[in-house]
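Here's the structure, in structure tokens; my notes come after.
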Amino acid sequence: MRINILSPWTRRLAALAAAVAISTTAAAGAAPAHGSFLGRLHTVRPVASTVPANGDVNPYGTAVVPRDSGKLRRGNVLVSNFNNSQNQQGTGTTLVQISPRGNARLFAQIDPDNLPGPCPGGVGLTTALSILPGGWVVVGSLPTADGTSDTASAGCLLVLDNHGKVRKTIAGDGINGPWDMTAASHGKRTDLFVTNVLNGTVAGGGNEVDEGTVLRITLKHHGKQPPHRVKTTTIGSGFAQKTDPAALVIGPTGVGLAKNGSLYVADTVKNRITVIPHALSRHSSAGTGRVVTSDGFLNGPLGLAIAPNGNILTTNGGDGNIVETTPRGLQIAFRQLDNSGSPPGAGALFGLAVDLDRDAVYFVDDATNFLNVLK
């Protein structure tokens, strides 16, 4: 498969062509290949199965371990599972750690009946997954009782130590279906940026409800004690969300923090990427933020990460593509990572993360229950 570098003038034409094998465009104004992060990556390789011994499936969250700590090994990838072995959504309880060479080990299996604090509804691990200084792992839970949206509950954030033991829960105060997350740490403080997708969603019964939020949750670190929440600020609000029989719930998903403090959000229902300025310091909501780009090669953007060149990477839930967009909103590259099923690639992709060497992208494939790498 080949990478596709496209100008704004060729997007509409390219959208009608085969997604896997469109040749590089040389039209006037086309972004040069060297300006694209995806343009340097050529091969998709499976790394390892994400299915642990208990049979959990549907990998969602993806985070690269930044340094050795406890059972965590630098350069390995943590993956969270959303479904149990019966494929019921919102019931997965496991985190798997996978080495670049494909060695997969269980990092944690969380017992919903033995938590150190409240987590309304139980445990169903989402894409919200971050690794903090000291090896603390924070993962979101959007649980269901039977895999359906009718029984979805508010959930919580689970704080695990570097040996995979849940040491704390963070619930309430705006946390309602934590769906994705990124983090920024400085000194003894960490800011978590968490999207929430259950504000009025279940009651909406499949209709769009514009109440999705982005929270900035400020944590303070205390050595060997788990970090605790000191403040919650709503910095984004009014995002579209709705229940869905296949996806359980659709709402604001991936988030990525740029060096200038701008927070990019994958606004899945509206098929666009928006940006919330001054995310680290703002004291009020920016609403849904400013629209960076919409439609084009986006097709239900879910996972989001910031590329080493500052561009925005998103994975499509609708067609198995990864898309690269500049901060100015130009979609400069895309490629298909999964073409299984009908339509090709639909429902396969979710979380992604850039590796520590900044020359590859790890992504989970829900169609195969594998962690893959684009190199």
(message) Is it the case, given these coordinates, that Thr232 is touching a strand residue (DSSP E or B) at 6+ places or on another chain (Cβ under 6 Å), closer than 23 Å to Thr91 by Cα and hydroxyl-bearing (Ser, Thr, Tyr)?
(response) no
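Within the range 133-148, restricting attention to residues that are under 22 Å from Ala203 (Cα atoms) and hydrophobic (A, V, I, L, M, F, W, C), which residue is farthest from the chain's Cα centre (by Cα)?
Taking the range 133-148 first, the residues under 22 Å from Ala203 (Cα atoms) are 140-148.
Subsequent filtering for residues that are hydrophobic (A, V, I, L, M, F, W, C) retains 142, 145.
On the way: Leu142: 14, Ala145: 23 Å.
Selected residue: Ala145.
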(request) Report, ordered by the first and then the second residue, all pairs with beta carbons closer than 7 Å, sequence separation of six or more or different chains, a first member in the range 320-342 that is in a loop (DSSP other than H, G, I, E, B), and a second member that is of a type in the set (Ser, Thr, Tyr). (result) Gly329/Thr293
(message) Please pick out the residue among Leu298, Leu371 that is open to solvent by less than 50 Å² (accessible area, probe 1.4 Å), part of a loop (DSSP other than H, G, I, E, B) and out of contact with any helix residue (DSSP H, G or I) (no Cβ under 9 Å at 6 or more places or on another chain).
(response) Leu298
(message) Among the numbered criteria (1) outside any strand (DSSP E or B); (2) farther than 17 Å from Thr253 by Cβ; (3) touching a residue at least 12 places away in the same chain (Cβ under 8 Å), which one does Lys220 miss?
(response) (1)
(request) Please specify each residue of the range 192-214 satisfying the condition of being surrounded by fewer than 22 Cβ atoms within 10 Å (Cβ to Cβ) and in a strand (DSSP E or B). (result) Asp210, Glu211
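Does Val166 fit the bill of being modelled with pLDDT of 95 or more and open to solvent by less than 20 Å² (accessible area, probe 1.4 Å)?
Numbers: modelled with pLDDT of 95 or more: yes; open to solvent by less than 20 Å² (accessible area, probe 1.4 Å): no.
No; evaluated as a whole, the condition is false for this residue.
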(message) Which numbered condition in (1) over 24 Å from Val64 (Cβ atoms); (2) open to solvent by less than 30 Å² (accessible area, probe 1.4 Å); (3) aliphatic (A, V, I, L, M) is the only one that Ala346 fails?
(response) (2)
(message) Suppose we filter the range 72-83 for residues that are touching a residue at least 60 places away in the same chain (Cβ under 8 Å) and open to solvent by 10 Å² or more (accessible area, probe 1.4 Å); how many remain?
(response) 2
(message) Could you tell me how many of the residues in the range 346-366 are more than 16 Å from Thr127 (Cβ to Cβ) and free of Cβ contacts under 8 Å to residues at least 40 places away in the same chain?
(response) 2
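Just checking, which of Gly300, Gly289 is at positive phi, under 17 Å from the mean Cα position of the chain (by Cα) and modelled with pLDDT of 95 or more? Show your work before the answer.
Numbers: Gly289 fails: under 17 Å from the mean Cα position of the chain (by Cα).
Answer to the selection: Gly300.
Yes/no matrix, rows are residues, columns are (1) surrounded by fewer than 23 Cβ atoms within 10 Å (Cβ to Cβ); (2) of a type outside the set (A, V, I, L, M, F, W, C); (3) in contact with a strand residue (DSSP E or B) (Cβ under 9 Å, 6 or more places away or on another chain); (4) at pLDDT below 95:
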residue: Gln97; (1), (2), (3), (4): yes, yes, yes, no
residue: Asp113; (1), (2), (3), (4): yes, yes, no, no
residue: Pro116; (1), (2), (3), (4): yes, yes, yes, no
residue: Asp173; (1), (2), (3), (4): yes, yes, yes, no
residue: Asn176; (1), (2), (3), (4): no, yes, yes, no
(message) What's the number of the only condition in (1) modelled with pLDDT of 95 or more; (2) farther than 29 Å from Val249 by Cα; (3) open to solvent by less than 10 Å² (accessible area, probe 1.4 Å) that Ser69 fails to meet?
(response) (3)
(message) Of the conditions (1) open to solvent by less than 40 Å² (accessible area, probe 1.4 Å); (2) under 16 Å from Gly140 (Cβ atoms); (3) of a type outside the set (Asp, Glu), Arg229 satisfies every one except a single condition; which number is it?
(response) (1)
(request) Could you please find all residues in the range 84-95 being open to solvent by 10 Å² or more (accessible area, probe 1.4 Å) and more than 16 Å from Leu160 (Cα to Cα)? (result) Asn84, Ser85, Gln86, Asn87, Gln88, Gln89, Thr91
(message) Exactly one condition in (1) touching an Asp or Glu at 6+ places or on another chain (Cβ under 8 Å); (2) surrounded by 16 or more Cβ atoms within 10 Å (Cβ to Cβ); (3) of a type outside the set (D, E, K, R) is false for His221; which is it?
(response) (1)
(request) For the range 125-147, state whether one or more residues are without any contact (Cβ under 8 Å) to a residue 12 or more places away in the chain and surrounded by fewer than 21 Cβ atoms within 10 Å (Cβ to Cβ). (result) no
(request) Kindly list the number of the only condition in (1) out of contact with any Gly (no Cβ under 9 Å at 6 or more places or on another chain); (2) in a loop (DSSP other than H, G, I, E, B); (3) hydroxyl-bearing (Ser, Thr, Tyr) that fails for Ser281. (result) (1)
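The values are calculated or read from the model by the stated rules, or taken from the named source; none is laboratory data. This structure is a prediction, so every number in the text was calculated from the model and none was measured. Ideal geometry is used to build each Cβ from the backbone, glycine not excepted, and the neighbour counts take in all protein chains shown. Ligands, DNA and RNA are excluded from the accessible area calculation, which covers all protein heavy atoms including side chains. Shrake-Rupley method; radii C 1.70, N 1.55, O 1.52, S 1.80 Å.
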